[in-house]
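A short worksheet on the structure shown next.
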Amino acid sequence: MDQVKLIIDNKEVAVPNGTTILKAAQQMGINIPTLCHFELKGMGVHNKPGGCRICVVEVEGRRNLAPACVTEVTEGMVVRTNSIRAINARRTVLELLLSDHPADCLKCSKSGNCELQNLAIRFGIREIPFEGEQSTYQLEVSPSIIRDMNKCIMCRRCETICNDFQTVGALSAIERGFPAVVSTAFNQTLAQSPCTFCGQCVAVCPVGALTEVDHTAKVIRSIADEKKTVVVQVAPAVRVALGEEFGMTPGSIVTGQLTAALKALGFDYVFDTDWSADLTIMEEGTELLGRLTKYLNGDKDVKLPILTSCCPAWVNFFEYQFPALKDIPSTAKSPQQMFGAIAKTYFADKIGVKREDMIVVSVMPCLAKKYECGRDEFAVNGNPDVDYSITTRELAHLIKQANIDFASLEEASFDSPLGESTGAGVIFGTTGGVIEAACRTAYEVFTGKTLDKVDFEELRGLEGIRAATIDMNGTKINIGIAHGLSNARKLLEQVERGESQFHAIEVMACPGGCIDGGGQPLHHGNSDIIKARWEAIYKTDRSMPIRKSHENPSIQTLYKEFLGNPCGHKSHELLHTHYFDKKPVIEIDLDKK
Amino acid sequence: MPVRIKIRQENREKIEAICRSFNNNPGELINVLHQTQNFLGYLPAEAQEVIAQNLHIPTAKVYGVVSFYSFFSMIPKGKYPVSVCMGTACYVRGAEKVLDEFKTQLGIGVGETGPDGEFSLASLRCVGACGLAPVALIGEKVHGRLAADDVKVIIEETRKLG
Ligand code: SF4
Ligand code: SF4
Ligand code: SF4
Ligand code: FES
């Protein structure tokens with residue numbers, strides 16, 4: 001690649017042709033402010049509308065200031081990032097944005113984590129000289145996400161991630177000029193739109209325009225209610241990210257402090273979603289082997305590839321976009337819902353608590369789980385299997401409010417029996433993990449042999465689409481993996497055309513899987529943080545004494561005491577579900593004149 | 001559960017034919033919208049939904065384009081569309097007062113249609129009848145040298161046409 005030499009702030013630098021001024025400056029340690037620009041390196045997420053102009057710099061010989069995030073360097077270019085003119089222009093941009101921004105930082109849920117607020121601090125804004133007209137959009141509260149468009153600065157990051165990375169297309173810029181905003185079609189609610197509730201728009205929104213629905217108050221009230229037994233489950237990806245909220249380095253594994261904090265908060269039982277991930281493998285793995293055996297015996301009608309079903313955003317996606325394929329995903333519920341279903345039956349009976357007196361809380365990296373636990377089919381007579389789902393961020397708030405010094409907590413462990421888990425359960429937290437866990441069990445059940453090496457390195461990685469073939473004693477199983485719904489769409493289109501070579505496909509909606517779910521600590525575009533969490537997941541797996549789901553003793557007991565066989569009658573009743581066609585129906589109107 | 005959209009059979013077929021005539025190419029969205037609006041007179045949500053499904057693009061994107069351009073409308077025009085000229089000549093001779101009077105008398109804003117579907121209201125750039133300023137068009141008929149006081153009368157006269 002050709003190198004280009006240029007001068008930035010009086011220093012010479014050489015960068016590859018095609019580099020933007022922004023990146024060239026970053027390499028030299030010059031941090032030009034940005035707002036609309038957003039990139040998740042290596043994940044295929046890039047928003048570069050060049051619209052906000054907070055990043056303008058002076059380029060010698062040009063009359064106008066140039067936006068650094070979209071202007072490529074040229075040979076001999078002389079750039080000033082901190083001239084009076086550039087600084088004043090940026091300040092004006094910022095002041096104009098602030099003039100149409102409700103200044104209610106004190107009670108904004110993004111406060112302390114807001115990129116606009118950070119810029120106001122960085123620029124030492126003390127007054128806003130412009131009297132702007134204030135936008136007045138209706139606040140929308142969906143099952144997972146709150147949209148407060150009065151705070152929107154039209155960076156369009158959400159639109160980019162929803163359309164390009166997820167190919168969901170729930171959001172689009174609408175109108176022009178002052179009323180311009182990002183919205184759904186006809187301003188319908190997110191629930192009416194194709195939105196999957198993946199929460200990635202929330203994860204990238206620089207301000208408080210898109211935030212999660214907060215259930216912390218309900219959780220505190222439940223704990224305080226003496227009549228209630230409150231059970232909490234924690235998803236795998238939470239333990240490798242929560243530490244960031246307390247200033248720890250990304251990738252810190254805080255399982256011990258996490259369980260201690262939950263006990264200090266007053267939960268009656270602290271359990272692990274890794275446990276129900278193991279249970280998921282028993283059910284989903286059995287389903288996979290069942291379909292595969294039929295197929296190998298020459299049954300042509302069997303539905304293959306089987307698709308994983310533990311990501312509720314992914315479930316929403318195929319229900320809306322590919323309803324014709326709704327019979328091919330596994331019918332196994334997600335680990336969150338399996339946990340709820342068992343907690344409120346088996347476990348409630350064990351401790352002699354009535355269903356109505358038990359509250360199940362889940363701590364998730366995910367916003368789709370908030371929506372999922374409210375789905376009608378996951379309730380018994382209106383009583384949901386999982387009552388409240390809170391995010392990693394919400395848990396951090398709970399811990400801070402309760403005066404718990406997280407870092408210095410003495411490590412505790414999960415309670416028994418729904419807290420015993422394996423390495424297979426924890427890798428559910430990242431892309432490729434669910435299918436690897438399934439392979440560990442399927443291999444041993446199918447071949448009757450013990451795996452020499454439980455690590456299926458060929459299934460790991462952060463590329464958007466991956467493929468591998470697993471040799472099960474001569475029978476070759478082709479596995480496809482996608483994260484990001486745009487990648488899932490590609491694999492689904494192959495299935496639709498009958499061209500798919502895969503026997504099983506794993507899909508997770510978020511970049512890297514749940515480790516970068518919409519409820520995780522915000523990374524502000526730093527993909528190294530995601531990488532660190534990813535490594536921490538596999539490190540946790542390696543540290544576990546048991547690493548295969550079917551060897552989890554408390555899962556074995558559950559089948560013996562309660563469920564019978566995997567995919568048996570009781571399992572079907574409690575652990576499996578069905579899917580709906582959600583594509584808008586165009587009906588012929590006979591009366592309308 | 002799924003959103004249900006109703007549309008008349010012939011409208012659906014016509015819109016699908018328009019999409020087909022552009023090879024269902026998403027790049028032709030604006031042309032598809034133009035032709036659909038020419039046919040229906042406006043672009044109701046159900047028409048946009050049909051277009052989105054046929055061009056394989058998100059409905060939000062179609063709506064984004066419809067709401068961006070002022071020449072697209074989601075509201076059917078009234079039986080008598082009223083357009084008040086806001087060109088310079090009309091403006092300096094009091095077109096704004098005339099427009100305001102139309103708003104008051106009809107009880108609707110610019111870009112809206114009354115609940116009985118009789119009248120809709122729009123403002124126009126110069127219609128080239130500056131000698132008659134201020135001017136309003138009701139349907140095809142030109143009303144010139146208007147004052148706010150005349151508005152009530154001409155609305156009533158138009159209504160009588162049935
Ligand atoms: S939650 Fe996901 S699908 Fe829904 S609007 Fe946001 S990015 Fe799009
Ligand atoms: S909602 Fe947030 S991410 Fe979307 S355009 Fe507005 S400020 Fe940007
Ligand atoms: S990938 Fe994980 S965090 Fe993201 S929507 Fe799916 S389940 Fe939730
Ligand atoms: S960050 Fe460069 S234009 Fe917005």
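Counting other C-beta atoms within 10 Å, and keeping those with at most 13, which DSSP coil trypsin sites (Lys or Arg not before Pro) do you find in the stretch A:353-448?
In loop regions of the stretch A:353-448 (DSSP not H, G, I, E or B), the sparsely surrounded trypsin sites (Lys or Arg not before Pro) are A:Lys354.
What does the extension gain come out to for A:Asp225 and A:Lys294, with contour length at 0.36 nm per residue minus their alpha carbon separation?
Details: separation 69, 0.36 × 69 = 24.84 nm, distance 5.10 nm.
The A:Asp225-A:Lys294 span can extend by a further 19.7 nm.
Relative to the Cα centre, what is the charge dipole magnitude of the stretch A:216-575, using +1 at the beta carbon of each Lys and Arg, -1 at the beta carbon of each Asp and Glu, and rounding to the nearest 20 debye? Before the final figure, lay out the partial values.
Details: 38 positive and 48 negative charges, 55 e Å.
Dipole magnitude for the stretch A:216-575 comes out near 260 debye.
Quick one: length gained pulling A:Asp268 to A:Thr557 fully straight, 0.36 nm per residue minus the C-alpha distance? Could the numbers behind the result be given before it?
Details: separation 289, 0.36 × 289 = 104.04 nm, distance 2.21 nm.
Net length gain for the segment: 101.8 nm.
Between their Cα atoms, which of A:Lys303/A:Lys582; A:Lys344/A:Lys400; A:Lys263/A:Lys350; A:Lys23/A:Lys400 are more than 27 Å away from each other?
With Cα atoms farther than 27 Å apart: A:Lys344/A:Lys400; A:Lys23/A:Lys400.
Can you pull out the GluC sites (Glu not before Pro) in the stretch A:469-548 that DSSP calls coil and that have at most 15 other Cβ atoms within 10 Å? Walk me through the intermediate numbers first.
On the way: sites: A:Glu493, A:Glu496, A:Glu499, A:Glu506, A:Glu535; in loops: A:Glu499.
Sparse-neighbourhood loop GluC sites (Glu not before Pro): A:Glu499.
First measure r as the distance between the Cβ atoms of A:Glu499 and A:Phe178, then evaluate 1/(1 + (r/R0)^6) with R0 = 51 Å and state the FRET efficiency to the nearest 0.05. Each step should come with its number before you reach the end.
On the way: r = 48 Å, r/R0 = 0.95.
Once the sixth-power term is evaluated, E becomes 0.60.
Could you give the dipole magnitude of the protein assembly as shown about its Cα centre, charging the beta-carbon of Lys and Arg +1 and that of Asp and Glu -1, in debye to the nearest 20? Intermediate results must be reported in sequence, preceding the final value.
On the way: 81 positive and 91 negative charges, 274 e Å.
Charge dipole, the protein assembly as shown, about its Cα centre: 1320 debye, nearest 20.
Where both partners of a DSSP beta bridge lie in the stretch A:425-513, what percent of those bridges are antiparallel, to the nearest 5? All intermediate terms of the calculation are to be shown ahead of the outcome.
Details: 8 of 13 bridges.
Bridges in the stretch A:425-513 are about 60 percent antiparallel.
Give the cross-link partners of B:Lys152 among the aspartates and glutamates, using a straight C-alpha distance below 20 Å as the criterion and excluding same-chain residues fewer than 8 apart.
B:Glu96, B:Asp100, B:Glu101, B:Glu112, B:Asp116, B:Glu118, B:Glu140
Helix A:84-99 versus the longest principal axis of chain A: what is the Cα-based angle in degrees, 0 to 90, to the nearest 10?
50
So, for the stretch A:216-575, what is the accessible surface per residue at a probe of 1.4 Å, expressed in square angstrom?
36
Using the basic label-point model (7 angstrom from Cα toward the beta carbon), what is the A:Thr189 to A:Asp589 distance in nanometres?
Simple spin-label model gives 2.2 nm for this pair.
Roughly how many debye, to the nearest 20, is the charge dipole of the stretch A:98-212 about its Cα centre, given +1 on each Lys and Arg Cβ, -1 on each Asp and Glu Cβ, and no other charges?
Using Cβ point charges on Lys, Arg, Asp and Glu, the stretch A:98-212 gives about 220 debye.
Taking 0.36 nm per residue of sequence separation and subtracting the Cα-Cα distance, how much length would be gained by fully extending the chain between A:Lys400 and A:Arg91, in nm to one decimal? Write out the running numbers ahead of the final one.
Numbers: separation 309, 0.36 × 309 = 111.24 nm, distance 3.43 nm.
Going from the current span to full extension adds 107.8 nm.
Which residues belonging to the stretch B:2-33 lose at least 10 Å² of 1.4 Å-probe accessible area when the assembly is complete, relative to their chain isolated?
B:Pro2, B:Val3, B:Arg4, B:Ile5, B:Lys6, B:Ile7, B:Arg8, B:Gln9, B:Arg12
I'd like the FRET efficiency for B:Ser70 and A:Lys326, computed as 1/(1 + (r/R0)^6) with the beta carbon distance as r and R0 of 41 Å, rounded to 0.05.
Values: r = 41 Å, r/R0 = 1.00.
After rounding, the FRET efficiency stands at 0.50.
Say R0 is 45 Å: what FRET efficiency, to the nearest 0.05, do A:Glu131 and B:Glu157 get from their beta-carbon distance? Working shown, then result.
Numbers: r = 45 Å, r/R0 = 1.01.
Once rounded, the FRET efficiency stands at 0.50.
Given the convex hull over the Cα atoms of chain A, what projected area results after averaging over all orientations, in nm²? Numbers along the way, then the final one.
On the way: hull surface 128.4 nm².
That works out to 32.1 nm², a quarter of the Cα hull's surface.
Enumerate by residue number the trypsin sites (Lys or Arg not before Pro) in the stretch A:217-318 meeting two conditions: DSSP loop (anything except H, G, I, E, B), and at most 11 other Cβ atoms within 10 Å of the site's Cβ.
Sites meeting the loop and neighbour criteria: A:Lys227, A:Lys300.
Which residues among the stretch B:2-27 fall inside the zone where the amide N is under 11 Å from a point 7 Å beyond the Cα of B:Asn38, along Cα→Cβ?
Once the point is set 7 Å along Cα→Cβ of B:Asn38, nothing inside the stretch B:2-27 turns out to lie under 11 Å by backbone N.
Given the stretch B:80-161, what percent of its DSSP beta bridges are antiparallel, to the nearest 5? Mind dumping the intermediate values first?
Numbers: 7 of 13 bridges.
Here the antiparallel bridges make up roughly 55 percent for the stretch B:80-161.
List the pairs from A:Lys11/A:Lys110; A:Lys48/A:Lys369; A:Lys326/A:Lys453; A:Lys218/A:Lys354; A:Lys333/A:Lys548; A:Lys218/A:Lys369 whose alpha-carbon separation is above 28 Å, in the order I gave them.
Values: A:Lys11/A:Lys110 37 Å; A:Lys48/A:Lys369 30 Å; A:Lys326/A:Lys453 35 Å; A:Lys218/A:Lys354 20 Å; A:Lys333/A:Lys548 19 Å; A:Lys218/A:Lys369 16 Å.
Check vs 28 Å cut-off fails for A:Lys11/A:Lys110; A:Lys48/A:Lys369; A:Lys326/A:Lys453.
Report the antiparallel proportion of the DSSP beta bridges in the protein assembly as shown as a percent, rounded to a multiple of 5.
Working: 40 of 74 bridges.
In the protein assembly as shown, DSSP labels about 55 percent of beta bridges as antiparallel.
If the label point is 7 Å along Cα→Cβ of A:Ser408, which residues in the stretch A:230-246 have backbone nitrogen under 19 Å from it?
A:243-246
Helix A:485-496: angle to the longest alpha-carbon principal axis of chain A, degrees 0 to 90, nearest 10?
Compared with the principal axis, the helix lies near 50 degrees.
Toward the positive end of the charge dipole of the protein assembly as shown, about the Cα centre and with charges on Cβ (Lys, Arg +1; Asp, Glu -1), which of A:Gln501, A:Asn383, A:Leu6 goes farthest?
Looking along the dipole axis, the top candidate is A:Leu6.
Need one number: nm distance between label points at A:Leu451 and B:Glu140, each 7 Å from Cα along Cα→Cβ, rounded to one decimal.
Placing both labels 7 Å beyond Cα along the Cβ direction yields 7.9 nm.
Based on DSSP H runs of at least 4 residues, each adding -39500 (n - 2.57), what is the mean residue ellipticity at 222 nm of chain A after dividing by all its residues, to the nearest 500 deg cm²/dmol? Kindly include the intermediate steps, with their values, before the conclusion.
Working: 19 runs with 182 residues, N = 593.
When only DSSP H runs of four or more count, the value is -9000 deg cm²/dmol.
The values are calculated or read from the model by the stated rules, or taken from the named source; none is laboratory data. These numbers were taken from a predicted model, which means no experiment stands behind them. Please note: Cβ atoms are built from the backbone with ideal geometry, for glycine as well, and neighbour counts cover all protein chains shown. Surface areas here come from the heavy atoms of the whole protein model, side chains and all, with no ligands, DNA or RNA. Shrake-Rupley method; radii C 1.70, N 1.55, O 1.52, S 1.80 Å.
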